[in-house]
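To start, I am sharing the structure in question, which I have written as structure tokens.
The values are calculated or read from the model by the stated rules, or taken from the named source; none is laboratory data. In this text, all values refer to a predicted model and were calculated from it rather than measured experimentally. Backbone-built Cβ (ideal geometry, glycine too); neighbour counts: all protein chains shown.
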Amino acid sequence: MAALPAASARVPLFTKITFAVGTTAENIALFAVSSYAFFFYNQVRGLDPTWTGLALGASLLLDGFSDPIIGSISDRTRSKWGRRHPFMFAAPIPVVLSLIAVFNPPEMLSGFWLFLWFTAFVSSMRVCMAVYHTPHLALAAEMTKDFTERSRVLSWNTLFGQFGSAGVVFVALTFFFHKTEEYPRGLLNPDAYAPFGYAAGGAVLLLLFVSAWFTRDRIALMAKLPDDLAPFSPFAFMKDIGAVFTNRNYVFMLIGMFFIAMTTGIRSGLALYINTFYWELTSEHIRWFVLANVAGFFIGFAVTSWIHTRFGKRFGMTLGCAVVAVAHAIPVTLGIAGVLDADHPWLMHVLLAAYVLQSTFGCIMTISTLSAMGDIADENELRIGHRQEGVLYSTRTLFSKLDTAIGQVIAGLVLTAIAFPEKAVPGQVDADTLHRLAWVDGPLASIPAVVAAFFYARYRISKSKFDETRRLLNELHAPTPTAAVVAEESDVGILGAPPAGARP
């Protein structure tokens with residue numbers, strides 16, 4: 001078995017940041033699509049909401065199923081660039097070309113042909129991003145073997161990921177979807193989407209290459225593949241998948257991720273509808289939520305390592321998930337009860353407070369789950385003899401994307417079921433339609449997240465169990481004394497005394 005690299009438990013701050021900007025780029029691309037593509041194709045281009053939801057759902061399914069394959073290939077790759085970086089350098093250009101195409105459908109396309117264009121390029125963008133994202137995220141767990149330092153690495157990763165998701169929303173609403181004389185609701189301006197796609201693509205291309213280039217110093221410090229580990233094959237892939245699904249802690253985490261992703265999938269599909277038509281907010285109002293999200297993520301970033309040290313990662317996952325389930329639903333539930341409406345003077349205060357609360361505990365939950373994955377990788381290495389970060393993180397991503405796909409499809413079906421009008425005008429949508437929309441986005445969408453919190457609570461790797469696993473791994477990887485070392489020790493004699501007849 002290969003010896004562990006002599007890497008420091010501490011990861012340099014520069015490495016943490018340059019690693020994290022890869023997630024900034026990923027979130028720019030993914031949030032550009034999840035936040036605006038549904039609205040663009042449905043409300044601006046007139047694509048039926050069921051077709052729009054199916055396009056996004058199909059892309060997530062294809063993306064999700066490709067993740068474990070990419071993860072297994074990455075785990076078993078041997079190259080002078082290591083296991084992760086060849087993929088990180090190959091993916092950026094295809095990602096960006098696909099992203100630009102999503103927001104530039106030909107004018108002559110409509111109906112089924114517009115659906116095919118959307119499906120093809122959003123799928124291509126997601127799969128190519130998975131080629132980058134899966135090895136990139138696996139790299140995080142390999143950077144350090146320390147329980148808390150692993151959380152710090154992923155705290156920076158999560159924080160910079162939030163910069164990407166918040167930044168793309170703020171920039172989009174400020175510089176591309178701002179109100180004009182012709183379009184008081186800038187999100188309905190069809191001429192804004194193509195420039196937005198080009199700008200997002202340029203930022204993604206730059207940041208992906210920066211992250212890949214400036215993390216090359218970690219290649220020499222990564223754990224080496226065992227000499228007897230077979231290269232990727234269908235049989236090896238099935239063996240890898242079987243190994244991760246025999247881990248009890250991992251299975252409970254996957255189930256939790258499945259349910260929380262259903263909640264986030266539904267809400268991400270309906271967010272602009274709720275803000276634009278239920279609360280009747282403009283782009284200038286909505287962009288303030290970005291700052292609230294950033295504030296919440298800074299709070300979560302600051303406290304998560306302390307929570308892990310004091311209470312453990314299971315506590316962070318469970319508490320974070322439970323609060324996320326409730327926080328988003330509070331304003332909408334108040335609206336259903338008649339306490340809050342679009343004209344209420346405290347509306348923005350309540351919404352901003354809910355966003356800060358949701359963002360803070362969403363950050364804690366995200367860092368906790370990602371860090372716990374690294375601990376599970378240690379546990380699995382002890383069981384099967386080699387590390388599986390790629391498969392572990394990618395299978396987790398598969399479950400998340402499967403359910404996000406279901407959530408996106410549900411969002412589209414909901415809009416169809418409640419007969420939400422195409423190219424609707426804020427203030428002119430039927431009140432009963434908006435009431436049904438609020439019930440789905442608020443109380444009903446919270447239910448899967450509550451179920452997720454229950455399964456996160458079943459996770460069982462504590463700090464003491466982690467320490468024991470690391471001790472056993474260190475013993476397992478301890479180098480066997482060579483003949484030369486044995487001979488040298490015999491020259492010294494027992495307990496350091498020189499052998500008989502030797503000169504003092």
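Taking the conditions exactly as written (part of a helix (DSSP H, G or I), more than 12 Å from A37 (Cα to Cα) and touching a Cys at 6+ places or on another chain (Cβ under 8 Å)), does P94 satisfy them or not?
So P94 passes the test.
Among T134, T52, which is the only one that is of a type in the set (V, I, T), buried (at least 23 other Cβ atoms within 10 Å of the Cβ), part of a helix (DSSP H, G or I) and under 20 Å from the mean Cα position of the chain (by Cα)?
T134
Sticking with this one: With aromatic (F, W, Y), surrounded by fewer than 18 Cβ atoms within 10 Å (Cβ to Cβ) and part of a helix (DSSP H, G or I) as the only criterion, which of F175, F170, F160 stands out?
F175
Same structure, new question: Can you tell me which condition I376 does not meet? The list is (1) modelled with pLDDT under 85; (2) not in a helix (DSSP H, G or I), and all the others hold.
I376 satisfies every listed condition except (2).
Sticking with this one: Taking only region 337-353 into account, find how many residues are in a helix (DSSP H, G or I) and either surrounded by fewer than 21 Cβ atoms within 10 Å (Cβ to Cβ) or of a type outside the set (A, V, I, L, M, F, W, C) (or both).
Residues flagged as in a helix (DSSP H, G or I) and either surrounded by fewer than 21 Cβ atoms within 10 Å (Cβ to Cβ) or of a type outside the set (A, V, I, L, M, F, W, C) (or both) within region 337-353 amount to 6.
Pick from F298, F315, F311: which is surrounded by fewer than 19 Cβ atoms within 10 Å (Cβ to Cβ), out of contact with any helix residue (DSSP H, G or I) (no Cβ under 8 Å at 6 or more places or on another chain) and either among the acidic types (D, E) or farther than 22 Å from L434 by Cβ (or both)?
F311
Only one of W288, W279 is at pLDDT 80 or above, crowded, with 19+ Cβ neighbours inside 10 Å, over 18 Å from the mean Cα position of the chain (by Cα) and within 25 Å of L187 (Cβ to Cβ); which?
Going through W288, W279 in turn, just one is at pLDDT 80 or above, crowded, with 19+ Cβ neighbours inside 10 Å, over 18 Å from the mean Cα position of the chain (by Cα) and within 25 Å of L187 (Cβ to Cβ): W279.
Moving to a separate point now. When D75 is evaluated against the numbered criteria (1) surrounded by 18 or more Cβ atoms within 10 Å (Cβ to Cβ); (2) at pLDDT 80 or above; (3) acidic (D, E), which criterion, by number, is the only one it fails?
Looking at each condition in turn, D75 falls short on (2).
Does region 265-274 contain any residue that is touching a residue at least 12 places away in the same chain (Cβ under 8 Å), closer than 30 Å to N380 by Cβ and not in a loop (DSSP other than H, G, I, E, B)?
Scanning region 265-274 turns up at least one residue that is touching a residue at least 12 places away in the same chain (Cβ under 8 Å), closer than 30 Å to N380 by Cβ and not in a loop (DSSP other than H, G, I, E, B).
For region 320-336, give me each residue that is hydrophobic (A, V, I, L, M, F, W, C), closer than 22 Å to A457 by Cα and either free of Cβ contacts under 8 Å to residues at least 60 places away in the same chain or outside any helix (DSSP H, G or I) (or both).
Scanning region 320-336 gives V323, A327.
Okay, next question. State whether one or more residues within region 328-344 are under 20 Å from the mean Cα position of the chain (by Cα) and modelled with pLDDT of 85 or more.
Checked region 328-344: at least one residue is under 20 Å from the mean Cα position of the chain (by Cα) and modelled with pLDDT of 85 or more.
Determine if region 66-88 includes at least one residue that is β-branched (V, I, T), over 30 Å from L139 (Cβ atoms) and either part of a loop (DSSP other than H, G, I, E, B) or more than 23 Å from the chain's Cα centre (by Cα) (or both).
Scanning region 66-88, I find no residue that is β-branched (V, I, T), over 30 Å from L139 (Cβ atoms) and either part of a loop (DSSP other than H, G, I, E, B) or more than 23 Å from the chain's Cα centre (by Cα) (or both), so the answer is no.
Being modelled with pLDDT under 90 and surrounded by 16 or more Cβ atoms within 10 Å (Cβ to Cβ): is that true of R84 here?
yes
Just to be sure before I move on: is A292 assigned to a helix (DSSP H, G or I), within 27 Å of L60 (Cα to Cα) and in contact with a helix residue (DSSP H, G or I) (Cβ under 8 Å, 6 or more places away or on another chain) in the structure I sent?
Spelling it out, it is not the case that A292 is assigned to a helix (DSSP H, G or I), within 27 Å of L60 (Cα to Cα) and in contact with a helix residue (DSSP H, G or I) (Cβ under 8 Å, 6 or more places away or on another chain).
Answer with yes or no whether L139 is buried (at least 21 other Cβ atoms within 10 Å of the Cβ) and out of contact with any His (no Cβ under 9 Å at 6 or more places or on another chain).
no
So is R45 out of contact with any Cys (no Cβ under 9 Å at 6 or more places or on another chain), within 22 Å of F196 (Cα to Cα), of a type in the set (K, R) and at pLDDT 80 or above or not?
Considered against the rule, which asks whether it is out of contact with any Cys (no Cβ under 9 Å at 6 or more places or on another chain), within 22 Å of F196 (Cα to Cα), of a type in the set (K, R) and at pLDDT 80 or above, R45 comes out as yes.
I've got another one for you. R126 versus (1) at pLDDT 85 or above; (2) of a type in the set (K, R); (3) over 17 Å from the mean Cα position of the chain (by Cα): which is the lone unmet condition?
(3)
Within the bounds of region 418-431, is there any residue that is closer than 30 Å to S66 by Cβ, at pLDDT below 90 and part of a helix (DSSP H, G or I)?
Scanning region 418-431, I find no residue that is closer than 30 Å to S66 by Cβ, at pLDDT below 90 and part of a helix (DSSP H, G or I), so the answer is no.
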